[in-house]
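The values are calculated or read from the model by the stated rules, or taken from the named source; none is laboratory data. Nothing here was measured: the structure is a model prediction, and the numbers come from that model. Because the Cβ atoms are built from the backbone with ideal geometry, glycine has one as well, and the counts that use them run over all protein chains shown. The area values use the complete protein model at the heavy-atom level, side chains included, leaving out ligands, DNA and RNA. Shrake-Rupley method; radii C 1.70, N 1.55, O 1.52, S 1.80 Å.
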Amino acid sequence: MQDKYPKSYAPGQVEKKWFDLWQRNQIYVASADSPKPGYSILMPPPNITGILHFGHVLNITIQDIYIRWKRMQGYEVCWFPGTDHAGIATQTRVEKELAKEGLTRYALGREKFLERVWKWKEEYGGIILRQLRELGISCDWSRTLFTMDESASNAVREVFIRLFDEGLIYRGKRIINWSPLSRTALSDEEVEFREVKEYLYTLRYYFVDSEDYLLVATVRPETIFGDVAVAVNPNDDRYKHFIGKQVHVPLANRPVPVIADDYADPTFGTGCVKITPAHDPNDFEVGQRHNLPIINSINPDGTLNEYAGEFCGLERFEARKKIVERLVERNLIEKIEDYVHNVGFSQRGGEPVEPYLSDQWFVRMKPLAEIALKPVLDGRIKFYPKHWEKTYQHWLENVRDWCISRQLWWGHRIPVYYAPDGRYTAARNEEEALAKLGLAKDVPLEQDPDVLDTWFSSWLWPLTTMRWLHDGVTEDTPDLRKFLPTDLLVTAPDIIFFWVARMIMATMKFKNQIPFKDVYFTSTIRDGLGRKLSKSLGNSPDPLMIIEKYGADATRFTMTYLSPLGQDVRMEIDVKTQDIPSMEIGRNFANKIWNAARFLLMKRDMVELPECCPSNQEKQLQVGELSYADRWILSRLHSTILKVNRNLENYRINDYAKLLYDFVWRDFCDWYVEILKVELKDTNEVSFNQALMRFALDIFDNILRLIHPVMPFISEEIWHLISRKPEFESISLQPFPMYIKDFIDEEIEWNFEIFQLVVEEIRKLRNEIGIDVNKRIDLILNTQNQELFSMLVQNKDALSFLVRANEVKILDKSVENVRAISSVVREVEIHLLITSDIDISKERERVSKEIERLRNNIDSILSKLNNTAFLGKAKPEVIEKEKAKLESMNETLSKLEKLFARLSEL
RNA sequence: GGUGGCUUAGCUCAGUUGGUCCAGAGCGUUCGCCUCACACGCGAAAGGUCACUGGUUCGAGUCCAGUAGCCACCACCA
């Protein structure tokens with residue numbers, strides 16, 4: 001029998017077995033025609049270049065919890081998976097591979113290069129999804145979508161054309177964020193600011209017609225070759241009279257005018273600013289105001305161009321060093337000071353972004369922001385935690401136009417065609433473009449070489465996953481009707497602007513519907529030092545290794561257990577071994593569940609329970625009289641069911657996990673299973689034992705179903721062992737436990753708590769006076785409280801077992817002159833009979849301490865009850881409670897005092 | 001600079017609308033146990049002026065204001 005159910009739970013094979021079976025039986029494929037109400041979640045599509053990290057683990061686990069919970073609640077559930085083509089990341093990746101072969105994308109040409117990328121995608125692009133599977137997720141793989149699939153691409157193209165025709169997409173020459181590494185424009189969101197220590201150089205700009213000079217401060221001396229003016233504030237008396245004069249740009253020796261503009265802050269630096277329109281957004285605006293020329297002195301790859309003279313070809317930071325050297329040489333630097341300021345870095349490439357003037361495509365955001373703000377403000381879309389709504393609102397109200405063109409090859413090509421006369425339009429193909437432009441059929445057109453920002457396809461995710469415009473035409477599909485709006489989006493807060501806001505914009509704009517009802521922002525995972533997990537810090541263990549070591553269930557459970565809504569998660573990470581010790585929480589819990597099951601199964605086999613599966617509780621209740629403990633665990637179960645549902649509804653997933661943990665470990669294992677041992681031993685009647693086991697297994701079956709959303713594998717495994725169902729069936733298709741109010745018995749729960757306190761007090765006494773664990777004790781318990789007396793009598797055998805007692809006497813009147821160590825708990829006197837001498841002074845100390853504690857409590861209650869303000873203003877039930885408490889405490893106190901008096905007599 | 005969050009036991013954190021017998025858990029520490037499901041376990045113990053100041057209230061860890069420290073996001077002047 002020992003071999004039939006292994007002693008400790010081994011997740012590896014179990015998890016693999018069930019995942020394969022779930023796949024083979026296709027139990028997670030959703031039907032848009034189902035009569036059941038729909039419930040849907042869009043999986044945030046991971047990048048095809050991505051590898052699984054703990055952010056995914058948490059995110060995916062939460063989604064699977066909701067998907068499984070709702071499925072068990074009887075919804076037609078659909079979880080849409082997919083992957084993102086990740087323009088820059090993927091292109092960079094493949095270019096690196098080419099570099100190893102001594103090739104570049106330019107050498108290969110656009111078409112050949114894209115072939116390579118597709119090949120790479122076919123080979124490696126699915127890895128991340130396969131890794132996700134290891135977690136046991138139950139998404140509908142038949143609906144997997146890639147953002148560059150034809151159906152999605154069709155929708156992207158249509159959306160571009162529509163927005164273009166409406167004037168919401170436009171082309172313009174602007175200062176954008178340029179990534180010299182990837183040689184492409186970036187959106188504002190792709191730039192992150194970091195504080196850096198640099199130098200502030202104060203340069204001398206000599207007047208053309210005198211020996212005098214202006215002092216101009218800059219952190220970027222390499223941009224002087226793009227200078228077209230020096231600005232001073234019109235109200236700055238120091239410089240007023242220089243306005244209109246000419247100064248020489250240092251080294252360049254080019255004369256530029258001194259102009260007046262409010263942009264120059266007299267209180268900052270010297271009060272003079274060099275104006276470099278091509279390399280600074282503010283300067284660009286100043287330049288526009290004053291009709292200044294624009295000199296672009298930096299190449300797309302970040303090197304200086306011919307305007308820089310002798311510095312031409314140098315990389316911008318290298319150039320800075322050389323230029324400063326030369327400036328010092330020529331005595332053109334007044335001073336160099338330490339300077340700390342914020343610099344924008346490319347989120348992906350990590351290099352400082354270059355403000356760069358170029359022609360790009362933009363989406364006009366104002367009108368879209370307005371329609372996206374509404375559903376969040378009026379509560380149709382709810383954020384969890386709520387405070388993100390404010391961040392969202394602030395962003396939308398201050399949003400700037402979105403630069404969507406990327407100078408890449410991998411991505412959705414911009415569907416814009418240019419005519420030889422310089423005009424252009426957005427169209428599905430050349431033919432249509434010619435027609436739109438009113439040109440003859442043989443006029444050659446050129447398509448825009450750029451591609452779209454990756455997020456320009458991601459923002460359509462709620463629509464493209466449901467095949468909206470999959471052929472460029474079809475507006476309505478069964479999936480859209482059934483599953484839009486989706487019910488929940490689970491995502492990290494750092495893509496609230498990138499993705500969440502834009503999906504709301506797009507779905508509102510094109511479908512006039514919200515994309516999702518609830519948005520859950522996941523916790524950021526940090527290591528023991530509070531740092532984000534990252535590969536470079538070495539504090540980001542491979543989840544697959546962790547899953548292999550602890551099991552997917554354990555990993556899922558631990559992550560859930562540790563993730564409070566709206567709070568960061570901290571996990572100790574052993575950098576050396578790449579281990580996460582806190583995963584033991586889940587592993588130990590899984591093992592505990594396994595062993596509880598093992599115990600029940602062994603007992604079931606012992607009593608030869610014939611049925612294959614437990615029936616429902618209502619039937620059980622009629623079968624036979626339930627014991628006190630039975631009624632208690634049933635009541636606790638239903639309290640737990642109620643709270644589980646409430647916690648899941650409110651996205652309090654860590655509370656959900658904790659609740660299960662405590663219920664299973666504390667209530668079920670520590671108390672119920674222990675008492676069950678006594679009850680089974682109590683009688684030789686087979687039918688009684690069978691009924692009892694049927695009941696216990698039924699409780700456990702409920703536990704398995706409660707736990708299934710977070711621990712799908714172990715619950716499936718044990719459920720099959722208990723139910724003996726064929727393998728094609730699944731616990732994930734069973735109903736989630738229903739809360740039945742009639743099973744809640746507050747009186748039982750209350751009294752049982754006292755029972756627990758009594759047991760604990762007796763164990764404490766045993767421990768304190770050092771009674772050998774194997775020695776059985778004799779006890780006398782007495783109480784005048786009839787209810788408690790009856791409870792104790794009913795639980796006498798259980799109590800005796802739990803405290804390892806020999807003989808237990810339960811009386812409803814007080815006892816005199818017993819040779820015992822005594823204590824009082826909630827009106828129950830406990831006398832542990834002993835044969836040896838009592839250490840009276842120790843006993844007196846113990847009892848008097850207890851008396852003092854109780855008196856303090858009584859005093860505080862009395863002061864409340866003597867306070868007329870309290871009596872006048874507190875709720876009646878609160879007052880009643882205080883009175884009852886006082887009464888009970890007084891009762892306990894008088895017993896203690898008697899006890900103490902007796903000790904004094906000895 | 002703006003906004004939001006956090007500050008409870010040695011560590012990591014719970015504490016849902018203010019009131020349930022001294023504010024809870026896990027880890028760690030100490031003591032005792034291989035008690036016939038589980039040592040990934042069982043029983044027990046020690047450990048907290050709930051950051052600080054003030055206010056509201058009959059009553060505050062819980063609500064409000066201020067102070068300090070930490071964190072995140074947004075903005076950003078050479």
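Just need the relative contact order of chain A here, percent rounded to a whole number, with Cα pairs under 8 Å and 6+ apart.
Across chain A, relative contact order equals 12 percent.
Which of the three applies to segment A:296-355, rounded, prolate or oblate, going by the alpha-carbon gyration tensor with a ≥ b ≥ c and a/c under 1.5 meaning rounded?
Oblate shape, in that a/c is at least 1.5 and b/c is the bigger or equal ratio.
Hey, got a sec? Which trypsin sites (Lys or Arg not before Pro) in segment A:526-615 land in a DSSP loop and have at most 13 other Cβ atoms within 10 Å?
Answer by residue number: A:Arg531, A:Lys535, A:Lys576.
Give the cross-link partners of A:Lys873 among the lysines, using a straight C-alpha distance below 22 Å as the criterion and excluding same-chain residues fewer than 8 apart.
Within the straight-line limit of under 22 Å, A:Lys873 reaches these lysines: A:Lys864, A:Lys881, A:Lys883, A:Lys885.
Take the Cβ-Cβ distance between A:Cys669 and A:Arg776 as r, set R0 to 22 Å, and report the resulting FRET efficiency rounded to the nearest 0.05.
Taking R0 as 22 Å, the efficiency between A:Cys669 and A:Arg776 is 0.40.
Would you mind working out the magnitude of the charge dipole of chain A relative to its Cα centre, with +1 at each Lys and Arg C-beta and -1 at each Asp and Glu C-beta, to the nearest 20 Debye?
500
Between rounded, prolate and oblate, where does segment A:9-57 land on the alpha carbon gyration tensor, with a ≥ b ≥ c its root eigenvalues, rounded for a/c under 1.5, else prolate if a/b exceeds b/c?
oblate
Can you tell me how much longer the chain between A:Glu351 and A:Arg289 gets when fully stretched, taken as 0.36 nm per residue apart minus their C-alpha distance, in nm with one decimal?
19.2 nm
Could you please put A:Thr49, A:Thr491 in sequence from largest to smallest accessible area, using a 1.4 Å probe?
Descending order: A:Thr49, A:Thr491.
As a test question: what accessible area, to the nearest 10 Å², does A:Met148 have when a 1.4 Å probe is rolled over all protein chains in place?
Its accessible surface works out to 20 Å², give or take rounding.
Need the list of lysines near A:Lys842 for cross-linking: C-alpha distance under 16 angstrom, and skip anything on the same chain fewer than eight residues off.
A:Lys764
Just want the answer: with Cβ charges of +1 for Lys and Arg and -1 for Asp and Glu, which residue in A:Ala501, A:His638, A:Val803 is farthest toward the dipole's positive end in chain A?
Among A:Ala501, A:His638, A:Val803, the one farthest towards the positive end of the dipole of chain A is A:Val803.
Using only the Cα atoms of chain A, construct the convex hull and provide its projected area averaged over every direction, in square nanometres to one decimal.
Projected over every direction and averaged, the Cα hull of chain A covers 52.8 nm².
Taking the Cα centre of each part, how many Å lie between segment A:415-482 and segment A:158-184?
Result: 14 Å between the Cα centres.
With no solvent and one equal point scatterer per Cα, compute the Debye intensity ratio I(q)/I(0) for segment A:438-578 at 0.09, 0.10, 0.19 Å⁻¹ and report its log10, rounded to two decimals.
Ignoring solvent entirely, the Cα scatterers give -0.48, -0.56, -1.11.
Run the numbers for A:Glu195 and A:Glu877: contour at 0.36 nm per residue of separation, minus the present Cα-Cα distance, in nm.
Additional length available on full extension: 239.7 nm.
For the full complex of protein chains and a 1.4 angstrom probe, list A:His53, A:His470, A:His412 by accessible area with the highest value first.
Sorted descending by solvent-accessible area, the residues read A:His53, A:His470, A:His412.
Loop only by DSSP, 11 or fewer other Cβ within 10 Å of the Cβ. Give me the GluC sites (Glu not before Pro) in segment A:655-712 that pass, ordered by residue number.
Within segment A:655-712, the qualifying GluC sites (Glu not before Pro) (loop, at most 11 other Cβ atoms within 10 Å) are A:Glu685.
Compare the peptides A:813-819, A:426-432, A:173-179, A:781-787 by average per-residue count of other Cβ atoms within 10 angstrom and give them in order, highest first.
Descending mean neighbour count gives A:173-179, A:781-787, A:426-432, A:813-819.
Find how much the distance from A:Lys592 to A:Ile834 grows on full extension, using 0.36 nm per residue of separation minus their present alpha carbon separation; answer in nm with one decimal.
Stretched out fully, the A:Lys592 to A:Ile834 stretch lengthens by 83.5 nm.
What's the center-to-center distance, using Cα atoms, between segment A:1-78 and segment A:357-406 in Å?
Value for the Cα centre distance between the two parts: 33 Å.
Only residues of segment A:692-706 count here: report those whose backbone N is under 20 Å from the spot 7 Å along Cα→Cβ of A:Lys4, or say none.
Under cut-off, by backbone N: A:692-701.
Say the cut-off is 21 Å between C-alpha atoms; which of A:Lys36/A:Lys517; A:Lys17/A:Lys70; A:Lys197/A:Lys322; A:Lys517/A:Lys741 go over it?
Too far apart for the 21 Å limit: A:Lys17/A:Lys70; A:Lys517/A:Lys741.
Counting only the heavy atoms of the protein chains, how much of A:Arg766 is accessible to a 1.4 Å probe, in Å² to the nearest 10?
Result for A:Arg766: roughly 20 Å² accessible.
Which of the DSSP-defined H helices in chain A satisfy a minimum axial length of 30 Å, computed from C-alpha atoms, and a minimum mean Kyte-Doolittle hydropathy of 0.0?
Within chain A the helices that satisfy the rule are A:686-707.
Pull out a ≥ b ≥ c, the square roots of the eigenvalues of the alpha-carbon gyration tensor of segment A:780-894, then state rounded if a/c is under 1.5, prolate if not and a/b is larger than b/c, and oblate in the remaining case.
Cα axes put segment A:780-894 in the oblate bin.
Using the basic label-point model (7 angstrom from Cα toward the beta carbon), what is the A:Glu431 to A:Glu446 distance in nanometres?
2.5
Taking a threshold of 26 Å on the Cα-Cα distance, which of the pairs A:Lys532/A:Lys576; A:Lys119/A:Lys436; A:Lys112/A:Lys511 fall above it?
Over 26 Å Cα-Cα: A:Lys119/A:Lys436; A:Lys112/A:Lys511.
Is any residue of segment A:61-75 close enough, with backbone N under 19 Å, to a label point placed 7 angstrom from the Cα of A:Lys658 along the Cα-Cβ axis, and if so, which?
Inside the label zone: A:62.
Which sequence of A:Ser841, A:Ser187 reflects their accessible areas, 1.4 Å probe, from the largest down?
Final ranking, largest accessible area leading: A:Ser841, A:Ser187.
What figure, in Å² to the nearest 10, do you get for the accessible area of A:Ile127 with a 1.4 Å probe and non-protein molecules left out?
50
Segment A:1-78: which trypsin sites (Lys or Arg not before Pro) are DSSP loop and have at most 14 other beta-carbon atoms within 10 angstrom?
A:Lys4, A:Lys7
Report the Cα centroid-to-centroid distance between segment A:524-551 and segment A:834-860 in angstrom, as an integer.
51
Might you report the magnitude of the Cβ-based charge dipole of segment A:9-140 about its Cα centre, with Lys and Arg at +1 and Asp and Glu at -1, to the nearest 20 debye?
120
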